[in-house]
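Below is one structure, written out as structure tokens; the observations come after it.
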Amino acid sequence: MRFENQSAIVTGAGRGIGHTIAVRLASEGARVACVSRSEDNAKRTADEINILRADSAKHYAVDVADHAAVQKIGAQILEDFTKIDILVNNAGVRRDGLAMRMSIEDWDAVINTNLRGAFNFTQAIIRAMVKQRSGRIINITSVIGLIGNAGQTNYAASKAGLIGFTKSLARELASRSITVNAIAPGFITTDMTAGLSDEIKKTIQSQIPLGKTGTPENVASAAAFLASGEASYITGQVICVDGGIVM
Ligand SMILES: NC(=O)c1ccc[n+]([C@@H]2O[C@H](COP(=O)([O-])OP(=O)(O)OC[C@H]3O[C@@H](n4cnc5c(N)ncnc54)[C@H](O)[C@@H]3O)[C@@H](O)[C@H]2O)c1
């Protein structure tokens, strides 16, 4: 029970990687604020956790890109949980297309959710973490933010931005014993990747040294480690969970 008496916020907890991280933190003792854009999805994850461990989760529906709404929800979460020890900025979207043809709406949607969203939630809880002089912030970036990908300029820019954000924030908060790290997943089987054609999936798989795609559990294990006391001397790092794509 590494997270006994601790509280966590997981954004994008309605499904996929965020859902699995929320359940993992709860299964190791944390109380979890499950945040998603859709109320139904956030509630489903919170209900699942509460069956596992009674009164361990609450759900909140908000668009992470909406700064004012996130400050309001953040204050509500701090009131409901009294403190937040762990923030996992996981909510993310992709709207792929070649830069030449990409609409400004697709550019903005991806940057605003993936990058601005992480800033918004961080700003909502950072004062409380600084005051308690402890905390863990984990940003879910992507290997695409490190190596780029044709057809994903918006996504790669948002995820590379998140890495710069992680390192700068780690420097700002280190003196308060708050660590800030990023996890860069490779190809993980979730709804986000389900829509890709079999041909693209086969091509990607052939480029993974470990020869198989990853699972949300693989990412959740890294998140739980970074959130734990065992990672207290690690900050400003990007941990790739990618079967060896980036090395
Ligand atoms: N699946 C992969 O292969 C992969 C690889 C690298 C990085 N990632 C990153 O991991 C994170 C989770 O991805 P996933 O595969 O689980 O995706 P997913 O599409 O299955 O889930 C994303 C979650 O984020 C929520 N969300 C999206 N936009 C939101 C918004 N504006 N406000 C609030 N919530 C919002 C969705 O409702 C959903 O619950 C993302 O940041 C993604 O970029 C995924």
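The values are calculated or read from the model by the stated rules, or taken from the named source; none is laboratory data. Bear in mind the structure is a predicted one, so any value in this text is a computation, not a measurement. Cβ: placed from backbone, ideal geometry, glycine included. Neighbour counts: every protein chain shown.
Here are some conditions: (1) crowded, with 17+ Cβ neighbours inside 10 Å; (2) assigned to a helix (DSSP H, G or I); (3) small (Gly, Ala, Ser); (4) touching a helix residue (DSSP H, G or I) at 6+ places or on another chain (Cβ under 9 Å). Gly14 meets all but one. Which one does it not meet?
(2)
So how many residues does segment 182-238 have that are of a type in the set (Ser, Thr, Tyr), assigned to a helix (DSSP H, G or I) and under 19 Å from Arg136 (Cβ atoms)?
From segment 182-238, those of a type in the set (Ser, Thr, Tyr) are 189-190, 193, 197, 203, 206, 213, 215, 221, 228, 232-233, 235; that's our starting set.
Narrowing further to those that are assigned to a helix (DSSP H, G or I): 193, 203, 206, 221.
Now restrict to residues that are under 19 Å from Arg136 (Cβ atoms): 221.
The qualifying residues number 1.
For segment 215-236, enumerate the residues that are surrounded by fewer than 19 Cβ atoms within 10 Å (Cβ to Cβ) and either of a type in the set (A, V, I, L, M, F, W, C) or under 9 Å from Thr179 (Cβ atoms) (or both).
Passing the criteria: Phe225, Ala231, Ser232, Tyr233, Ile234, Gly236.
Could you please give the count of residues in segment 17-41 that are more than 11 Å from Asn90 (Cβ to Cβ) and assigned to a helix (DSSP H, G or I)?
8
Could you list all residues from segment 20-37 that are of a type in the set (Gly, Ala, Ser) and either at pLDDT below 95 or crowded, with 19+ Cβ neighbours inside 10 Å (or both)? Step through it out loud before you land on a result.
Pass one, segment 20-37, residues of a type in the set (Gly, Ala, Ser): 22, 26-27, 29-30, 33, 36.
Within segment 20-37, Ala22, Ala26, Ala30, Ala33, Ser36 qualify.
Among the residues of segment 24-40, which ones are within 13 Å of the ligand (Cβ to nearest atom) and more than 19 Å from Phe121 (Cα to Cα)? Write out each step before concluding.
From segment 24-40, those within 13 Å of the ligand (Cβ to nearest atom) are 33-40; that's our starting set.
Matches in segment 24-40: Asp40 only.
Select from segment 170-181 the residues that are assigned to a helix (DSSP H, G or I) and either crowded, with 22+ Cβ neighbours inside 10 Å or of a type in the set (Asp, Glu) (or both) and list them in ascending order.
Looking only at segment 170-181, we keep the residues that are assigned to a helix (DSSP H, G or I), and these are 170-176.
Once the filter is applied, which keeps residues that are assigned to a helix (DSSP H, G or I) and either crowded, with 22+ Cβ neighbours inside 10 Å or of a type in the set (Asp, Glu) (or both), segment 170-181 yields only Glu172.
In segment 192-200, is there at least one residue being closer than 23 Å to Gly29 by Cβ, away from the ligand (no atom under 14 Å from the Cβ) and acidic (Asp, Glu)?
Checked segment 192-200: no residue is closer than 23 Å to Gly29 by Cβ, away from the ligand (no atom under 14 Å from the Cβ) and acidic (Asp, Glu).
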